[in-house]
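Novice: Below: one structure in structure tokens.
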Amino acid sequence: MSSHFIERKTVAEFLTHAITHSGKTQKLIADELGYDNPNIITMFKQGSSPVPLKKVGPLAKR
């Protein structure tokens, strides 16, 4: 039996890591997703606003 484990992250933690390492600004990501204000990306990262299901795929591609 392996002693390896998978670190579990919240969606907010995962997004924070992915966005930080994407090389893109939150403004650019918000624009690409069709949002006028990059604050929504901050809200996704903080977990204070859920990512709409229709945005999950496009966000994952960013």
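Novice: Restricting the search to the range 16-62, which residues are under 10 Å from the mean Cα position of the chain (by Cα) and of a type in the set (Phe, Trp, Tyr)?
Specialist: 44
Novice: If the Cβ limit is 7 Å and pairs must be 6+ apart or interchain, which residue in the range 34-49 that is over 11 Å from residue 16 (Cα atoms) pairs with which residue that is in a helix (DSSP H, G or I) and not aromatic (Phe, Trp, Tyr)?
Specialist: If the second residue must be in a helix (DSSP H, G or I) and not aromatic (Phe, Trp, Tyr), the pairs left are 37/30; 38/26; 38/27; 38/30; 40/30; 49/40; 49/43.
Novice: Step by step: first the residues of the range 7-62, then only those that are of a type in the set (Lys, Arg) and assigned to a helix (DSSP H, G or I), then the one that is surrounded by the most Cβ atoms within 10 Å (Cβ to Cβ). Which residue is that?
Specialist: Only one residue fits best here, namely 45.
No value in this document is a laboratory result; all are computed from the given coordinates. Computed from a predicted structure; not experimentally measured. Every residue, glycine as well, gets a Cβ built from its backbone with ideal geometry; the counts of neighbours run over all protein chains shown.
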